[in-house]
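See below for the structure under consideration.
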Amino acid sequence: MPAPDEAEPVPFTSGSAIYDVDVSDPDGELVDRTGMSEEDVRDISDLMQALGGLRDAEQKLSEASLLYMKLNQTDMRALHFLIACENSGIIATPGAISAHLGISTASTTKLLDRLERGGHITRSPHPSDRRALAIAITPITRRSAIETVGRQHARRFIAAARLSSDEREVVRRFLVDMTTEIALGDEPWANSVEERTAKEE
């Protein structure tokens with residue numbers, strides 16, 4: 001046990017440092033760095049750390065919003081969808097919510113029951129489809145979501161506005177390319193998780 005005046009060593013000076021390529025892949029098991037200069041590796045590692053910092057900030061924001069709203073992640077995604085539908089003049093239905101969230105009809109019903117009990121949504125007859133219901137977010141919950149997590153997320157637009165048009169195009173292509181690279185395909189380990197999740201619903 002360290003002496004009282006001795007600080008316990010901190011492995012990383014900041015949370016994003018854990019994303020340094022030399023920390024996450026020191027032996028090159030994941031990324032082949034053959035032919036790359038030390039400067040290139042350093043630059044890319046700095047970029048990965050910046051992305052890690054963004055992800056950490058988004059995670060903290062998400063956790064804070066969940067605690068504030070007293071809801072879970074799926075609930076918040078459903079409310080975001082309802083706000084987007086309302087802003088677009090689209091009537092949200094249970095089926096549309098189910099498709100957006102990628103959950104079963106039974107799970108969607110439980111979710112809507114929970115949100116309705118909490119005063120977050122309303123159910124009403126669909127104006128043009130008698131087989132469906134119209135789902136809407138309540139004004140109080142909408143205002144609460146917009147004034148908290150919504151306003152915080154909107155600041156990303158401000159950061160993007162500081163870039164030139166050419167810079168935004170470079171960043172856009174980079175993010176699209178990175179999304180394509182990490183998108184799940186036929187990986188057996190990922191498919192087994194999806195199958196297990198479906199059975200639990």
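The values are calculated or read from the model by the stated rules, or taken from the named source; none is laboratory data. Since the structure is predicted, the reported quantities are computational estimates derived from the model, not experimental observations. Don't worry about glycine lacking a Cβ; one is built from the backbone with ideal geometry, like all the others, and counts go over all protein chains shown. Just the protein is used for accessible areas: all its heavy atoms, side chains included, with ligands, DNA and RNA removed. Shrake-Rupley method; radii C 1.70, N 1.55, O 1.52, S 1.80 Å.
Here are some notes:
- The stretch between Ser88 and Asp129, if pulled fully straight at 0.36 nm per residue, gains 12.9 nm over its current Cα-Cα span.
- Cα Rg, Dmax (largest Cα-Cα span) when computed across the range 96-146, Å: 11.6, 31
- Note: relative contact order over the range 72-139, using C-alpha pairs below 8 Å and six or more positions apart, is 33 percent.
- Highest average packing first - 77-83, 21-27, Cβ atoms within 10 Å: 77-83, 21-27
- In whole angstrom, the range 107-181 maps to an equivalent ellipsoid with semi-axes of 37, 18, 12, each derived as √(5λ) from the alpha carbon gyration tensor and ordered largest first.
- Largest-first principal axis extents of the Cα set of the chain (Å): 65, 48, 42
- Extension gain for Arg143 to Asp186 (0.36 nm times residue separation, less C-alpha to C-alpha distance): 11.4 nm.
- Simple label model, 7 Å out from Cα along Cβ direction - Thr109 to Gln152, nm: 3.5
- Calculated over the range 23-67: convex hull of Cα atoms, volume per residue (Å³): 74
- Sequence ranges 128-135, 169-176, ranked by mean other-Cβ count within 10 angstrom, highest first: 128-135, 169-176
- Length-normalised contact order for the chain - Cα pairs under 8 Å, 6+ apart - percent: 14
- Compactness of the range 56-123 - radius of gyration and Dmax, Cα, Å: 12.3, 36
- Heavy atoms of Met178: accessible area, 1.4 Å probe, square angstrom to 10: 50
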